[in-house]
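Report on the following structure.
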Amino acid sequence: MSDQYADAVAAAAKSHPRPSGAKPFVYGTAGFRMNADLLDPVVYSVGLLAALRSRKLKGQAIGVMITASHNPAKDNGVKLVDPYGDMLEQSWESYATTLANTPSEEMAEAYAKAAKDLGVDSDIPANVIIARDTRPSGKALVDALVDALKATGSQYTDYGVLTTPQLHYLTRATNTQNDAHPYGEVSVEGYYKKLSEAYKTAMRHDKPTGSLTVDCANGVGAVALKEFLKYMPKEDDLSGGLKVNVANDRIDKPEVLNEKCGADFVKSGQRAPEGFNGKPFDRWASYDGDADRVLYYFHEEGSIFRLLDGDRIATLAATFIRELVQKAGLEEDLQLAVVQTAYANGASTKYIEDVLKLKVECTPTGVKHLHHVASRYDIGVYFEANGHGTVLFSQNAQRKIRKADPQSPAELEALTTLRALTELINQTVGDALSDMLLVEVILAQKEYTVKEWAATYEDMPNRLIKVLVPDKSDYATVPGTAERKLEKPAGMQDKIDVLVEKYRNGRCFVRASGTEDAVRVYGEASAAYDVDDMLRNVEQLIKVTPKAN
Ligand code: 16G
Ligand code: MG
């Protein structure tokens, strides 16, 4: 056992015992997420890994976020953020899983082994930055994390209660502060300033119509939004003045977090959240519990609910950015693509390919997959239908946009807006606040109402259901199909294909959830009654399939 911190790691681990008989934990798409009561030893182990990761990356700051996003208040979770604000590099996930499943008596040994396997030099200083959402369990979990950071001689900064994207911002800002183009000031205030300055520039000739009401899921988004509003132009200001109403902001009542509100509730139920009192065509948005997702929606006359989900934000953003790139005379230089998952509504994909004539890529679920593919393009717009997404501008694109020499006042105008967007958009990860500002800018500049935005194409009727199965690991998809085809249980995909064939423009796929013990079934077809019928049949198929062995 060579690592100089191993003894301290062993001593501290005694205060974070792993309950015997606990189910194995897996570092998944959203890190570790579970009932908060089980998390203490897991978070301790994540602290150890954060220290190793920082040392391995020459002392760059690593972020640790304590959140369970849209899950109920009793849950919590923990995930690591890499130096540039991306998700933890995939090859390290197995180390996270191994450490999290190690009994505390063996923790020091497992830690030293990981350090050795990963070639970590324990003399390099480690630096970790921490934030948590509003869940009451968060504070004690930060204590467990800090125990691991102290045991490993790491420096750390605890930023307290923040949104997930704010922590991603701070991680990147910390690691780029001495670069030629720092990401932003290393402070929460710096985050608000960056966004508000960019918003004001992008809105320099425009004022949004009407007001915007934001359902904050009774979570940390309410804290961030209220703080941000202090940096916004005044409501009646002709450039960018916007009336924002904050709804579902009860962070003083932890049990109502995500309860009948928030982006996940709205998307999965395709209905307005509790407290909705919008008049026809009033603009509403919902964040999720850690404010990395946003969705828009409104009621038509007769209380008909119309959702403007991640696909809609992607098409709106792609349309607008492409127009700006054209107007700025950079069309030949910058390749733009849209990245979606299989959950994207078929009508959105068709619209992007046939009307916008842009390339669409489809990846498996989970932000890291979309982010990775989007980063291959000069400009990669990526969104999951659930509202999580952002736009990535490559280094090359940023340089070209920065250095372009406008040949006309119109080119200058387009470039000014494009430059502002590269600052307004949180390029580290989906960010409800930043994405919302982007949507507001686009709607104002294009003079779109929500009604006009919704009319750009018509969604295919669709539904997503959850089916409980004895063991979700019986379900696996064929690699390379972006989860659209099952390989396990054997023969099931053929049966689904035969079923789906019967419905006009039917499409349906089944995948194991990465965050819950269940499989999800998504279906769409030309008629809503066909969707319901198709899903009922597929659900039945799953229920009668004997357990694989
Ligand atoms: C996680 C993912 C989200 C994905 C969801 C799918 C991140 C940060 N979050 O919340 O992108 O849509 O899982 O959940 O990657 P599922 O696997 O249970 O369907
Ligand atoms: Mg979230």
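Some notes on this structure:
- Based on DSSP H segments of at least four residues, each scored -39500 (n - 2.57), the chain has a per-residue ellipticity at 222 nm of -11500 deg cm²/dmol.
- At 1.306 mPa s and 10 °C, Stokes diffusion of region 375-489 via Kirkwood alpha-carbon radius, µm² per second: 89 µm²/s
- Potential extension, E197-S473 segment - 0.36 nm per residue separation minus Cα distance: 94.6 nm
- Taken over the alpha carbons of region 303-385 as equal point scatterers, the Debye sum produces base-10 log I(q)/I(0) values at 0.19, 0.20, 0.23, 0.25 Å⁻¹ of -0.78, -0.86, -1.08, -1.23.
- Solvent-free Debye calculation, one equal scatterer per alpha-carbon of region 3-161: log10 I(q)/I(0) at 0.12 Å⁻¹ equals -0.42.
- Loop trypsin sites (Lys or Arg not before Pro), region 412-494 (other Cβ atoms within 10 Å of the site Cβ: 10 or fewer; DSSP): none
- Relative to the Cα centre, the charge distribution of the chain, modelled as +1 at Lys and Arg Cβ and -1 at Asp and Glu Cβ, gives a dipole magnitude of about 240 debye.
- One Cα centroid belongs to region 99-142, the other to region 362-393; the line between them spans 29 Å.
- Convex hull of alpha carbon positions in the chain: directionally averaged projected area 25.1 nm².
- Whole-percent carbon and sulfur share, accessible surface of the chain, 1.4 Å: 49 percent
- Dipole axis of the chain (+1 Lys, Arg; -1 Asp, Glu on Cβ), positive-most option in A36, T319, V246: A36
- The distance separating the Cα centre of region 22-97 from that of region 143-197 comes to 16 Å.
- Within region 446-517, the GluC sites (Glu not before Pro) that combine a DSSP coil assignment with at most 10 other C-beta atoms in a 10 angstrom radius are E447, E458, E501.
- Normalising the average separation of contacting C-alpha pairs (under 8 angstrom, six or more residues apart) by the number of residues puts the relative contact order of region 322-395 at 32 percent.
- Estimated from the Cβ-Cβ distance and a Förster radius of 25 angstrom, the FRET efficiency linking K207 and E452 is about 0.90.
- Across K279/K359; K350/K472; K194/K403; K113/K485; K58/K368; K350/K485, pairs whose alpha-carbon gap is larger than 27 Å: K279/K359; K350/K472; K113/K485
- Residues in region 462-544 average 52 Å² of solvent-accessible surface per residue, probe 1.4 Å, ligands and nucleic acids excluded.
The values are calculated or read from the model by the stated rules, or taken from the named source; none is laboratory data. Note that the structure is predicted; figures quoted are calculated from it, not measured. Positions of Cβ are generated from backbone atoms using ideal geometry, with glycine treated the same way; all protein chains shown enter the neighbour counts. Heads up: the accessible areas ignore ligands, DNA and RNA and are worked out on the full protein's heavy atoms, side chains in. Shrake-Rupley method; radii C 1.70, N 1.55, O 1.52, S 1.80 Å.
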